[in-house]
Amino acid sequence: MNLFEYHAQKSAQASRPLADRMRPKNLDEFVGQTHAVGKGTLIRHAIEQDRIFSMILWGPPGCGKTTLARIFAGETGCHFVHFSAVLSGVKDIRSVIKDAKNQQKLFQKRTVLFVDEIHRFNKVQQDAFLHHVESGLITLIGATTENPSFEVIAPLMSRCRLITLKVLLSEDIAVIVNNALKDNERGFGKMNLVIEKDALSHLIRIADGDARAALNGLETAAYLVISGIDSSKTGKPAHITLQVLENALEKKALLYDKSGEEHFNLISAFHKSLRGSDPDAAVYWLGRMLSAGEDPFYIARRMVRFASEDIGNADPNSLGVALNAMEAFKFLGHPEGELAMAQAAIYLATAPKSNSVYTAYGKIKGVIDSYGALPVPLHIRNASTGLMKKLGYGKDYKYSHDHKDAYVPQNYLPEKLEDQLFYAPTDRGYEKTIKQRLDGWRDLKKTAKTKI
């Protein structure tokens, strides 16, 4: 390499985005995903033993799918081909296959074909890989943010191992950002930059587990700071403050602390808005929490709790709506999953309200504390043996389905609690129907006791 080529290469390196420059080159540099690449895992063992296999990497954006594929190919000495499902078609696949044959024939090198966004390929395009994956000519690594069981054809899935990658933790993003600030060759190590604690916290919240987004934000903020300042000459570190980061990201840091007062204030405002049947306020507080980086599943769990505590049987569907919103968010993630959360919040806010279930269960816990473990009445005990029957287990039990409307007056509570009523349904929503039915049954029970 001559001097001109050397400087050209250095210039090209410097012009690459920070996220690309900081891409880990081996598993020791790889941050996070220990469940997939840690000691004793399938991928690490395969690299150490030089045994490659086809796989589908399923995970959210910026979690390390492309990086892991490059490491897998590089550490095993394979020819690496990066293939975009968005920009390529069957013709391009044929070209890759031809190149793989040449690599094998001329250099005895295996080819790892990395297909980014493999879920965007149609059935015909995916079919084009099958024979070559099966023959071993190419080792396919597909990357997808979508559920591969829906998006990747079954024959191809059966020939690949599924590796699930998770959203990077806040600690992982912090390590990645600090590594970029310290790295002299690929990062900002020579620029003497420091990111302040509140700025780092804001960057982590905005990145939301996406390493690429975090490094892109850091890069923009860094260049804002160093423009007009040469900290290497002054000897003083240049600080990336919260204000600088907000300007770089064009996104304000909302007042929020996941473990502080504002955390509890906002969830309280959300819960009370739902209870107060105000869908506008409920969605506002939901948006505030999500925008500030609150754990969506913390909010989803609160909605599930609310469905039983404040709606109950006034609208039995509300519990299913809340649970479905949680599942939808698991499936979609940010930002699409936020709509499912908003839909559920509006449904819960506009549903008829009742705390009868909550009140009934509270009474029951109080009775249990007061009376302890009262014996089960003999007639509703399980008479599974002859001895039990001799002791009177199950005696005089009346089978409900043998009676009109599948109801027969009999006592099911312990003797000391025989006349206790815990559940008092309201006249709202479906509980109105329950109340009418329950009042009828309770009247029959009173009549039966009078006759006795």
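The values are calculated or read from the model by the stated rules, or taken from the named source; none is laboratory data. Since the model is a prediction, treat every value here as computed from it, not as a measurement. Positions of Cβ are backbone-derived with ideal geometry, glycine not excepted, and every protein chain shown enters the neighbour counts.
The sole residue among 93, 71 that is modelled with pLDDT under 90 and either in contact with a Phe, Trp or Tyr (Cβ under 9 Å, 6 or more places away or on another chain) or outside the structural domain of residue 50 (by TED's automatic domain parsing) (or both) is 93. Flag: residue 212 matches the condition of being touching a Gly at 6+ places or on another chain (Cβ under 9 Å) and either among the acidic types (Asp, Glu) or at pLDDT 90 or above (or both). Yes or no: residue 265 more than 26 Å from the chain's Cα centre (by Cα), in a helix (DSSP H, G or I), at pLDDT 60 or above and among the polar types (S, T, N, Q)? Spelling it out, it is not the case that residue 265 is more than 26 Å from the chain's Cα centre (by Cα), in a helix (DSSP H, G or I), at pLDDT 60 or above and among the polar types (S, T, N, Q). The residues in the range 91-119 that are in contact (Cβ under 8 Å) with a residue 24 or more places away in the chain and not in a helix (DSSP H, G or I) can be counted, and the count is 9.
Hey, among the residues in the range 341-376 that are in a helix (DSSP H, G or I) and basic (Lys, Arg), which one's nearest to the chain's Cα centre (by Cα)? It comes out as 365. Within the range 124-160, the set of residues being more than 28 Å from the chain's Cα centre (by Cα), in a helix (DSSP H, G or I) and not β-branched (Val, Ile, Thr) comprises 125, 127, 128, 129, 130, 131, 132, 134, 135.
Residue by residue, here is whether (1) surrounded by 13 or more Cβ atoms within 10 Å (Cβ to Cβ); (2) in contact with a His (Cβ under 6 Å, 6 or more places away or on another chain); (3) closer than 16 Å to residue 377 by Cβ holds:
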residue	(1), (2), (3)
399	no, no, yes
404	no, no, no
408	yes, no, yes
416	no, no, yes
421	no, no, no
426	yes, no, no
430	yes, no, no
436	no, no, no
447	no, no, no
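When you look at residue 311, is it over 22 Å from residue 275 (Cβ atoms), in a helix (DSSP H, G or I) and outside the structural domain of residue 59 (by TED's automatic domain parsing), yes or no? Spelling it out, it is not the case that residue 311 is over 22 Å from residue 275 (Cβ atoms), in a helix (DSSP H, G or I) and outside the structural domain of residue 59 (by TED's automatic domain parsing). Condition check: closer than 30 Å to residue 319 by Cβ, in a loop (DSSP other than H, G, I, E, B) and among the hydroxyl-bearing types (Ser, Thr, Tyr). Does residue 412 satisfy that? So residue 412 fits the description; yes.
The residues on offer are 321, 304, and the sole one that is within 24 Å of residue 434 (Cα to Cα) and in contact (Cβ under 8 Å) with a residue 24 or more places away in the chain is 321. For the residues 121, 107, the requirement of being outside the structural domain of residue 217 (by TED's automatic domain parsing), among the aromatic types (Phe, Trp, Tyr) and buried (at least 18 other Cβ atoms within 10 Å of the Cβ) singles out 121.
Here residue 90 passes the criteria (1) crowded, with 17+ Cβ neighbours inside 10 Å; (2) of a type in the set (A, V, I, L, M, F, W, C); (3) over 29 Å from the mean Cα position of the chain (by Cα) except the one numbered (1).
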